[in-house]
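The values are calculated or read from the model by the stated rules, or taken from the named source; none is laboratory data. Values in this document were obtained by computation on a predicted structure and should not be read as measured data. All Cβ positions, glycine included, derive from the backbone under ideal geometry; neighbour counts span all protein chains shown. Remember, those area values only see protein heavy atoms, side chains included, never the ligands or the DNA or RNA. Shrake-Rupley method; radii C 1.70, N 1.55, O 1.52, S 1.80 Å.
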Amino acid sequence: MRSRWIYILLILTVFVPSTLSAYRLTEIWEKNYEVEEGALFILQNVNGSIDVEGYGGDRIEVVAEIRIKAASKDKAKKILRKIEFDVEHERGLLRIEADLPKLKKEGLFGLLGSSGPSIAIRYRVRVPKRTDVELRSVNGRVASRSVKGTFLLKTVNGGIGLHSLGGEGTLGTVNGGIDCAIEQFDSGAELSIKSVNGSVKLELPEDAGAELDIKTLNGKIRTDFELNRVRRIKRSRIEGSIGDGDGYINIRTTNGGVTVRSI
């Protein structure tokens with residue numbers, strides 16, 4: 001019986017590493033679309049990061065780096081052929097979402113509990129500086145910089161980074177920190193920031209005016225703004241206003257500190 005188990009282990013030692021040594025394939029999908037000023041750009045991702053940057057042009061330039069892991073080159077290419085991009089394009093709207101095939105474990109990938117084949121897409125996008133953006137991912141960091149307009153950035157597993165030239169919107173993640181800087185916070189603007197496991201850092205212009213509603217369960221709140229009309233101030237809770245108080249800022253996190261400071 002003992003020699004039989006030794007024989008089985010020898011077989012696994014010889015064949016399993018070669019069977020599970022995954023082949024990795026990378027492909028680039030690149031497109032550009034003409035849009036009008038103030039257009040809405042919507043991008044939905046599942047596995048992979050999103051990085052958006054504003055520039056002085058009038059087109060949205062999209063580069064998607066597709067990364068596939070499979071048991072062999074042929075299987076990776078087969079998966080690649082099944083990937084399609086769903087695109088909706090008008091002068092005032094561009095919406096992109098990859099239509100991905102369902103993947104299943106095959107052979108020893110499934111037998112030995114390996115992660116099996118996978119698809120990840122990394123997006124790098126340039127948009128006109130005056131663009132509204134809606135960016136969503138499930139597993140990956142989401143970031144936008146040098147863009148002016150409304151924004152919605154959400155992910156589940158990953159951080160969020162925003163450097164806005166001016167605007168209002170929503171930022172949200174479950175597992176990750178949030179870094180946000182807004183150079184121009186207009187009167188009456190609203191901002192919502194939520195994280196579960198991660199800290200929040202917010203930078204605003206010195207003349208920003210807003211009602212602050214900030215709460216964390218496991219962390220401290222720090223700010224260098226002078227607070228007015230304070231209704232509640234504790235280590236982990238602030239209700240008050242800065243400047244003229246015309247806007248509204250709501251920040252929530254469970255595990256992490258919150259820092260609000262002037263640029």
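Pairs are defined by a Cβ separation below 6 Å, a sequence spacing of at least 6 or placement on different chains, a first member in the range 181-197 that is touching a residue at least 40 places away in the same chain (Cβ under 8 Å), and a second member that is surrounded by fewer than 16 Cβ atoms within 10 Å (Cβ to Cβ) and of a type in the set (S, T, N, Q); the pairs so defined are VAL196/THR254; ASN197/ASN175; ASN197/ASN255. When the range 240-263 is filtered for residues that are part of a strand (DSSP E or B) and of a type in the set (A, V, I, L, M, F, W, C), the ones remaining, listed by number, are ILE242, ILE249, ILE251, VAL258, VAL260. For the range 1-52, filtered to residues that are of a type in the set (Lys, Arg) and modelled with pLDDT of 95 or more, the residue that is farthest from ILE119 (Cα to Cα) is LYS31.
Taken over the range 130-169, the criterion of being open to solvent by 30 Å² or more (accessible area, probe 1.4 Å), touching an Asp or Glu at 6+ places or on another chain (Cβ under 9 Å), part of a loop (DSSP other than H, G, I, E, B) and closer than 20 Å to VAL63 by Cα is satisfied by ARG141 alone. Is the range 229-239 home to any residue that is surrounded by 18 or more Cβ atoms within 10 Å (Cβ to Cβ), touching a residue at least 24 places away in the same chain (Cβ under 8 Å) and not in a strand (DSSP E or B)? Looking for residues that are surrounded by 18 or more Cβ atoms within 10 Å (Cβ to Cβ), touching a residue at least 24 places away in the same chain (Cβ under 8 Å) and not in a strand (DSSP E or B), one finds none in the range 229-239, hence no. Scan the range 141-166 for residues that are of a type in the set (Gly, Ala, Ser) and touching a Leu at 6+ places or on another chain (Cβ under 9 Å) and the total you get is 5. Of the residues LEU202, LEU217, the single one that is open to solvent by less than 90 Å² (accessible area, probe 1.4 Å) and outside any loop (DSSP other than H, G, I, E, B) is LEU202.
Return yes or no: is LYS77 without any contact (Cβ under 8 Å) to a residue 60 or more places away in the chain, among the charged types (D, E, K, R) and assigned to a strand (DSSP E or B)? Answer is no for this residue.
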